[in-house]
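Participant: Take this structure first; my questions come after.
The values are calculated or read from the model by the stated rules, or taken from the named source; none is laboratory data. Keep in mind it's a predicted model, so treat the numbers as computed, not measured. Positions of Cβ are generated from backbone atoms using ideal geometry, with glycine treated the same way; all protein chains shown enter the neighbour counts. Surface accessibility is based on the protein's heavy atoms, side chains included, excluding ligands, DNA and RNA. Shrake-Rupley method; radii C 1.70, N 1.55, O 1.52, S 1.80 Å.
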Amino acid sequence: MTGELEALIEACEWFPSYYLILSENVYTPLLYYSYLGSLIPTLLIAGYVLINGAKELANRLLFLMSLCFGIWVFGAMVTWATEFPSYTMFFWTLINLAEAFVYFLAFYFFYVFVFKKDLTLRQKIIFSLPLLPTLALASTPYMLLGYNLSDCDRNAFEGILSVWDFSMEFLFAALIAGFAGYAWKNASSWEQKKQTTLLATGIIAFLLSFSLGNILEIFTENWYIGQYGLFGAPIFVAFLAYLIVRFKAFNLKLIGAQALVTALWLLVLTLLFVRHIENVRVVTSITLIFVLILGIILVRSVRKEVQQRELIQKQEQELEVVNKQQETLLHFISHEIKGYLTKGESAFSEIADGDYGAIPAGVKTLASGALAEMRKGVRTVMEILDASNLKKGTVSYKMQTFDLKAAVVDVVNHLKPAAEAKHIDIKTTIDTQGRFIMNGDEEKIRQHVLRNLIDNAIKYTPEGSISVELGSSNSPSTSLGVNKIRFVVKDSGVGITPEDMAKLFTEGGHGKDSIKVNSHSTGYGLFIAKEIVDAHGGKIWAESKGQGKGSRFIVELPAL
Amino acid sequence: MKTTKESAYFLAILLGLFLTAVAISYYRYMVLHEFQYFVTESDIPDRFEMSSYTSAL
């Protein structure tokens, strides 16, 4: 720099700046420093959105857009504060670059957010092409012609590229508007249309207000207007807040949304009461009205969501009461039916056993058939009652030490005739070196676990074989964990589809086609088995390669 | 919508170009101080007429 230039700069009597942005050179300090009020929440909100979904493309784009906006705001502050021409030239270039990226990223973000899909590679290249001249010519006189010392206003003078930049900005704003129209036309619901309209309005208002100050600045050569760029900043923050609610990036309570809007409103309102900023009053008033409208929309949107959530909670509570009433009714009906069935069972049993004297063979056959049906009925009702009691937690367990091996052998022997009637062979394999002593409710384990699983295997195997295995961790030939007994029932039956597998052990969890194979299935058997195994500290699960490929039920219980 | 590898690379390339442009500007303006000063109003060239511009070099 020549001595003449140094003398000219000295003659301007600029104040020194500290930390790049603190300086007495700025014209309207409150307006200038309120930039920070927009910058900090913008970066915090964008950072929060990113943390809550770092892999989401829309979150990343929103974060990058906010980051570029942050660079723009910071760069703008430096250009207003600094007394060094080189700083002005560099940061002026930086804000021009950041501004171009804000527009591109805003468009990209809008597309991904509204259409829920990414741009294709070709689209990405085409839409990013307008950035190339700005990137390539950033540090040339096409971007900044030079530094204007003629009026001591500390300004750079923009080159022809500024016209390109403004055209590009209008192009992206128009693209957003165009895609918004397309999305609006193809939206399937009014809610979707409203969301698209609000998002597009917010983003375009922000982008245009952002540029408008700069455009007026260039063409009027009134550099104070540049600071009006602030009026885009609160819109952006409010717009971000709205997105957060829509994004559901985090659980923003109604009070949080109201506090955010109030803070924004106050931020702008304070500007009206500060002296010496008459020029800003009009712009600030517009901003104030805009923020107020946006705030009302935001609060109404959140209130609606909160009301819906409360309604769902209320309905949930009512449903719970109705459910309990139905359960009680079901319990009562089942109990009554069980009483009638038991009486009938007893009567047919006595007739069949000849307690009322000799009866003709035909009547005996009839009585025996009726007795078998009555017993089935009692078992079914008992199953429903047991499931109901287990759910209510009113089941008590008679815990005692017993040998599971004896129980398994007994149950298999008891069910063998039913299997043989279907020409199914039950093969039992018991680890001879194992020890099967455990502590539990023997009756419930026998009835609801062992019997249920073997009985199911018989019912769901039209032909083929069933194998029952019993292993223990005490045996040297096992890979089981410490102190465990494993009971396995394997069949070559109808198998289990992946859909049925998901609800196998749930209450009333019938398989899709199971009712065709076993019409008496209540769907409570496996639910009860699981409840009982769980109560004994064990676990139960099933394996199947799919429909028609058989299944394998495994129970692991703690051994003594 | 998760970020695909293609989009991640695309954004990384854009970021790289942005940083390169910033670095070149930094070097030119902050290190070399290579820019023109307009001392009087008449020095300011017409931005639409680049031939009126005199380089700082």
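Participant: Roughly speaking, what is the centre-to-centre gap between the stretch A:168-184 and the stretch A:409-438 when only Cα atoms are used, to the nearest Å?
Facilitator: If we compute the Cα centre of each part, the gap is 74 Å.
Participant: So what J values fall out for the stretch A:383-397 if you push phi through Karplus, 6.51 cos²θ - 1.76 cosθ + 1.60 with θ = phi - 60°, rounded to Hz, Gly and Pro as x?
Facilitator: These are the phi-based 3J(HN,Hα) values: 4, 5, 5, 4, 4, 5, 5, 4, 5, 6, x, 9, 8, 10, 10 Hz.
Participant: Chymotrypsin sites (Phe, Trp or Tyr not before Pro) within the stretch A:386-493: which are DSSP loop residues with at most 14 other Cβ atoms inside 10 Å? Present the calculation step by step, with values, prior to reporting the outcome.
Facilitator: Details: sites: A:397, A:402, A:436, A:460, A:487; in loops: A:397, A:436, A:460.
Answer by residue number: A:397.
Participant: Other chains' Cβ within 10 Å of B:36-44 residues: what's the mean?
Facilitator: 6
Participant: May I ask you to list the GluC sites (Glu not before Pro) in the stretch A:400-467 that are in a DSSP loop and have at most 10 other Cβ atoms within 10 Å of their Cβ?
Facilitator: A:463
Participant: Which trypsin sites (Lys or Arg not before Pro) does the stretch A:44-149 hold that lie in a coil by DSSP with at most 16 other beta carbons within 10 Å?
Facilitator: A:55, A:116, A:117
Participant: Using every pair of alpha-carbon atoms in the stretch B:5-52, split the distances into 10 Å bins beginning at 0 and state the percent of pairs per bin, rounded to integers.
Facilitator: With a bin width of 10 Å, the distribution comes to 22, 25, 29, 17, 7, 1.
Participant: Could you report the stretch B:5-52's accessible area per residue, 1.4 Å probe, as an integer in Å²?
Facilitator: Computed with neighbouring chains in place, this is 60 Å² per residue.
Participant: Compute the accessible area per residue over the stretch A:316-392, keeping the other protein chains in place, probe 1.4 Å, unit Å².
Facilitator: It amounts to 68 Å² per residue over the stretch A:316-392.
Participant: Using only the alpha carbons of the stretch A:316-392, determine the length spanned along each of the three principal axes and report them from longest to shortest in whole angstroms.
Facilitator: 60, 17, 15
Participant: With θ set to phi - 60°, apply the Karplus curve 6.51 cos²θ - 1.76 cosθ + 1.60 along the stretch A:546-551 and write out the HN-Hα couplings as whole Hz, x wherever there is a Gly or Pro.
Facilitator: x, 4, x, 10, x, 8
Participant: Would you work out the Kirkwood radius for the stretch A:140-191? I mean one over the mean of 1/r across all pairs of different Cα atoms, in Å. Working shown, then result.
Facilitator: Numbers: mean 1/r = 0.0714 Å⁻¹.
Evaluated over the stretch A:140-191, this radius sits at 14.0 Å.
Participant: Apply the Karplus parameterisation 6.51 cos²θ - 1.76 cosθ + 1.60, with θ equal to phi minus 60°, to every residue of the stretch B:26-41 and state each ³J(HN,Hα) to the nearest whole Hz, in sequence, with x for glycine and proline.
Facilitator: Taking θ as phi minus 60°, the curve returns 4, 4, 5, 8, 8, 8, 8, 6, 8, 7, 8, 9, 9, 7, 10, 4 Hz for the stretch B:26-41.
Participant: Ok, one more. List the pair-distance distribution P(r) of the stretch A:107-170, using every Cα-Cα distance, as the percent of pairs falling in each 10 Å bin from 0 up to the bin containing the longest distance, rounded to whole percents.
Facilitator: 19, 35, 25, 15, 6, 0
Participant: As a test of the definition: with a 1.4 Å probe, what buried accessible area, both sides summed, do you compute for A against B, in Å² to the nearest 100?
Facilitator: Approximately 4000 Å² gets buried when A meets B.
Participant: Mind checking the mean number of beta-carbon atoms from other chains within 10 Å of the Cβ atoms in A:90-99?
Facilitator: That average works out to 4.
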